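The values are calculated or read from the model by the stated rules, or taken from the named source; none is laboratory data. Nothing here was measured: the structure is a model prediction, and the numbers come from that model. Methodologically, a virtual Cβ is constructed for each residue, glycine included, from the backbone with ideal geometry; neighbour enumeration extends over all protein chains shown. Calculation scope for accessible area: heavy atoms of the full protein, side chains included, ligands and nucleic acids excluded. Shrake-Rupley method; radii C 1.70, N 1.55, O 1.52, S 1.80 Å.
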Amino acid sequence: MLGKSIVLGQFIPIESPIHSLDPRVKIILAGVLIFILFIVQDWFSFLFLGIFIFGLTLTAHIPTGYLLKSLKPILFLLVFTLVLQIFFTPGEVIWEYGILRISREGFVRGLFIIVRLCLLILATSLLTLTTTPVELTDGLEYLMNPFKRWGFPAHELAMMMTIAIRFIPTLLEEADRIMKAQEARGANFETGSIIQRAKNLIPLLVPLFINSFKRADDLAIAMESRCYRGGIGRTRLRVLQLKQSDYRFLFLSLAFITFVTFSSFFLW
Amino acid sequence: MFIVLDHVSFSYLAHTPFEISALVDVNCAIDRGESVGIIGRTGCGKSTLTQHFNALLFPDAGKVLIDGSEIRKKSAPLKEVRQKIGLVFQYPEHQIFEETVFGEVSFGPRNMGMGEGELERTVRWALDMVGLDFETLKEKNPFELSGGQMRRVAIASILSMRPQALVLDEPTAGLDPEGKKMIFGKLKTLRDEWGTTLVIVSHSMEDLAQIAQRIIIMDQGKIVLEGPIREIFSQVEKLEWYGVRPPATARIAAEFRKRGYDLDCTVLTPQELAKEIEDKIIQRRKG
């Protein structure tokens, strides 16, 4: 009962021009953005790319605060990077205390890396916030299709991802139920030393694994009995079709990003 | 009163946009030695209710009293409550994890701190109560047993804590009629010979007819109907309104009444119904 209401991934189910874009467009754009963020070397480009991402957030009707929340998990990484860069980059010293010294170059570089990391995370979060997991795997399958001729299992990978995503809520629900059932028998998951607690997990993990294997077996049989045999010759219910608006958006975005990148190389 | 719920309300994911209220101002009391059936459509709050009986869930508002003492989230004597009230989940065989039947059945009492000497005696008793032989099964791998046997091992693994009340969520789901009969037979023995209080959650009125004395009907998180089983059974229309399929006996009796036969609606078993129909037909012929 609990599991059903847990929201999968970060997807926010609202309607916006960004939500209705073809997932492939969004994936390609996110990829390009990540690539560009790694090669640009100046603040000017960051500013424009930042404005670009902010503009997309507004168009997607996603609250800015919600987007910024996606930075929380990497907060430690950000601070750690900043500290390393600040103290260990040689250069003009602007502050000194004992053996600790901060150089101007280190400070600037630290900030630079942090901004780069933040923009990276924001760009990818924007993708997962506006695209359902199913669309995402669909899009990936389409994009991986060309590599099939070299034996790359595009369909199988996408199918695996879809199944994995589909069963996350089921597993959560099941874990919750088994946990309660064992607690009803006096099991204790909350207190004790780390080793003791790890041991206490056995009554939860063993049934969880056994039930998952059984479920996988059942699923395989159900798929086979409906003649599933991989992606060969398989048609789809939802065929991804690029609309004019998709082309327009992709073209404009790529043009903007290219412009920013080139201008940064030539102007500086 | 053994188990008392006093104005209990509970919601899942409280204070989030996904809040679902599962229990709304529920009052109920279950006496020692009683056997009570809880019935209602899927999602009516039956399972949530049973999890309040042994401190797996705590009410957002209202009080839960077990054996006279209130169960609070912060200070609940968890082991004591969970030992007193044994809760058998739906498909309990899905929680089996030990390598031997003995290990599985002794998991509960071990957690409760039972000594080794008493342990064997208790496991033997619990297996005996569900109709399984201790000597032949104790070293067996529970995963090699049949579905019905696994179910009974799982029930025994709750019984081995010697609970004073046994709460079962759909104890016969997925079993064949033979297995159903077996389980209900054993539960009756438990109640009649050992005085265990029984609370049985079910979808099926026919099943409850075999064992429950009192019925609680739930709908949308509330208790909507409550009373002795015969009284509840006769209210065919109300039952249907609450998404409960009345037992075949009650439906047949209701049809007879519609056609002008003055049949007693509180019949419980097919035998009683047959007798009643026979009587009334003879009566009418004479009259």
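At a glance:
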| read-out | value |
| --- | --- |
| Out of A:Leu122, A:Leu117, sole residue that is under 21 Å from the mean Cα position of the chain (by Cα) and under 30 Å from A:Arg238 (Cα atoms) | A:Leu122 |
| Breaking point among (1) open to solvent by 60 Å² or more (accessible area, probe 1.4 Å); (2) among the small types (Gly, Ala, Ser); (3) within 14 Å of another protein chain (Cβ to nearest Cβ), for A:Ala184 | (1) |
| Whichever residue in segment B:116-139 is assigned to a helix (DSSP H, G or I) and small (Gly, Ala, Ser) and, among such residues, is modelled with the lowest pLDDT | B:Gly117 |
| Members of segment B:140-193 found to be more than 14 Å from chain A (Cβ to nearest Cβ), over 26 Å from B:Ile3 (Cβ atoms) and in a helix (DSSP H, G or I), listed by number | B:Gly148, B:Gln149, B:Pro177, B:Glu178, B:Gly179, B:Lys181, B:Met182 |
| Answer residue from segment A:245-267, given it is open to solvent by 90 Å² or more (accessible area, probe 1.4 Å) and at pLDDT below 90 and is farthest from A:Met159 (Cα to Cα) among those | A:Leu267 |
| Selected residue (only one of A:Ile74, A:Ile86 is open to solvent by less than 90 Å² (accessible area, probe 1.4 Å) and either in a loop (DSSP other than H, G, I, E, B) or in contact with a strand residue (DSSP E or B) (Cβ under 7 Å, 6 or more places away or on another chain) (or both)) | A:Ile86 |
| Total residues in segment A:116-148, condition at pLDDT 90 or above and among the basic types (Lys, Arg) | 1 |
| Residue in segment B:96-114 that is closer than 27 Å to B:Ser202 by Cβ, of a type in the set (Phe, Trp, Tyr) and at the interface with chain A (Cβ under 10 Å from one of its Cβ atoms) present | yes |
| Within segment A:187-209, tally of residues that are closer than 30 Å to A:Asp138 by Cα and either of a type in the set (Asp, Glu) or surrounded by 13 or more Cβ atoms within 10 Å (Cβ to Cβ) (or both) | 1 |
| Long-range neighbours under 6 Å by Cβ, at least six apart or interchain, first residue away from chain A (no Cβ under 14 Å) within segment B:54-66, second loosely packed, with under 15 Cβ neighbours inside 10 Å | B:Gly62/B:His7; B:Lys63/B:Glu70 |
| Any chance A:Thr191 is within 23 Å of B:Ser106 (Cα to Cα), β-branched (Val, Ile, Thr) and modelled with pLDDT under 85 | yes |
| Residue among B:Asp219, B:Asp207 that alone is among the charged types (D, E, K, R), at pLDDT below 90 and more than 29 Å from B:Lys79 (Cβ to Cβ) | B:Asp207 |
| The listed residue being under 19 Å from A:Leu117 (Cα atoms) and within 18 Å of the chain's Cα centre (by Cα), out of A:Leu78, A:Leu21, A:Leu47, A:Leu82 | A:Leu78 |
| Complete set of residues in segment B:3-38 that are within 13 Å of chain A (Cβ to nearest Cβ), in contact (Cβ under 8 Å) with a residue 12 or more places away in the chain and open to solvent by 30 Å² or more (accessible area, probe 1.4 Å) | B:Ala14, B:Ser21 |
| Flag for B:Gly33 being touching a strand residue (DSSP E or B) at 6+ places or on another chain (Cβ under 8 Å) and at positive phi | yes |
| Candidate set: segment B:39-53, residues that are open to solvent by 10 Å² or more (accessible area, probe 1.4 Å) and not charged (D, E, K, R); chosen: the one farthest from the other protein chains (Cβ to nearest Cβ) | B:Thr42 |
| Unique match (being more than 13 Å from chain A (Cβ to nearest Cβ) and open to solvent by less than 60 Å² (accessible area, probe 1.4 Å)) among B:Leu87, B:Leu132 | B:Leu132 |
| Residues being farther than 12 Å from B:Tyr242 by Cβ and assigned to a loop (DSSP other than H, G, I, E, B) - total across segment B:35-44 | 2 |
| Residue in segment B:163-172 that is open to solvent by 30 Å² or more (accessible area, probe 1.4 Å) and in contact with a helix residue (DSSP H, G or I) (Cβ under 6 Å, 6 or more places away or on another chain) present | yes |
| Criterion (more than 20 Å from B:Gln90 (Cα to Cα), part of a helix (DSSP H, G or I) and more than 28 Å from the chain's Cα centre (by Cα)) met by exactly one of A:Lys199, A:Lys214, A:Lys148, A:Lys180 | A:Lys199 |
| Qualifying residue in segment A:213-234 (condition: in contact (Cβ under 8 Å) with a residue 60 or more places away in the chain, more than 9 Å from chain B (Cβ to nearest Cβ), among the charged types (D, E, K, R) and surrounded by 12 or more Cβ atoms within 10 Å (Cβ to Cβ)) | no |
| Residues of segment A:173-213 classified as of a type in the set (Val, Ile, Thr) and closer than 19 Å to B:Gly103 by Cα, total | 4 |
| Selected residue (only one of A:Phe35, A:Phe80 is at pLDDT 85 or above and either within 14 Å of another protein chain (Cβ to nearest Cβ) or within 29 Å of A:Tyr247 (Cβ to Cβ) (or both)) | A:Phe35 |
| Among the candidates A:Thr132, A:Thr170, A:Thr162, residue that is within 30 Å of A:His19 (Cα to Cα), among the hydroxyl-bearing types (Ser, Thr, Tyr) and within 14 Å of another protein chain (Cβ to nearest Cβ) | A:Thr170 |
| Among (1) in contact with a Pro (Cβ under 9 Å, 6 or more places away or on another chain); (2) surrounded by 15 or more Cβ atoms within 10 Å (Cβ to Cβ), the one test that B:Glu99 misses | (2) |
